[in-house]
Amino acid sequence: MENLESIFEWLGAFIGLAGAYILATGKPYSYLGWRFFLVANFAMILFAFAGHHWGVLTQQVGFTATSVLGIYRAAKPT
C-alpha cells in the first residue's frame, strides 16, 4: 500500500504543478489548469486518506471546492 500511496503523492504533486503553470500562462487554454488541479486534488485526497494525513485531506477537500468553482467560472460566458 505504501507504494500506491507514494504514486498518488507524486502524481498529485506533478499534476498540480502542471495546472499552476497552465493557469499562469494566461493563454486561451489556461482554463484547463483548473481541470489539472481537480485531478491533482483527487490524487492527493487518495494519498492523504491512505496515509492518515488528516490535515492534508482537509486541505485537499477545500482545494477541490475551489477547483470546481474555477471550472464553473471558466465555463461561464463573460
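Residues in segment 3-31 that are of a type in the set (Gly, Ala, Ser) and surrounded by fewer than 12 Cβ atoms within 10 Å (Cβ to Cβ) were compared, and the one that is nearest to the chain's Cα centre (by Cα) is 24. Candidates in segment 32-51 are the residues that are modelled with pLDDT of 95 or more and not hydrophobic (A, V, I, L, M, F, W, C); of these, the one that is nearest to the chain's Cα centre (by Cα) is 41.
Scanning for something over 26 Å from residue 4 (Cα atoms) and crowded, with 17+ Cβ neighbours inside 10 Å, does segment 51-63 turn up at least one residue? No - not one qualifying residue is present in segment 51-63.
On the basis of being of a type in the set (D, E, K, R) and touching a residue at least 24 places away in the same chain (Cβ under 8 Å), does residue 9 make the cut?
Values: of a type in the set (D, E, K, R): yes; touching a residue at least 24 places away in the same chain (Cβ under 8 Å): yes.
Against the criterion (of a type in the set (D, E, K, R) and touching a residue at least 24 places away in the same chain (Cβ under 8 Å)), residue 9 qualifies.
It is to be established whether one or more residues within segment 67-78 are without any contact (Cβ under 8 Å) to a residue 12 or more places away in the chain, in a helix (DSSP H, G or I), surrounded by fewer than 16 Cβ atoms within 10 Å (Cβ to Cβ) and touching a helix residue (DSSP H, G or I) at 6+ places or on another chain (Cβ under 8 Å). So far as segment 67-78 goes, no, none of its residues is without any contact (Cβ under 8 Å) to a residue 12 or more places away in the chain, in a helix (DSSP H, G or I), surrounded by fewer than 16 Cβ atoms within 10 Å (Cβ to Cβ) and touching a helix residue (DSSP H, G or I) at 6+ places or on another chain (Cβ under 8 Å).
The values are calculated or read from the model by the stated rules, or taken from the named source; none is laboratory data. Remember, predicted model here, so these are calculated numbers, not experimental data. Methodologically, a virtual Cβ is constructed for each residue, glycine included, from the backbone with ideal geometry; neighbour enumeration extends over all protein chains shown.
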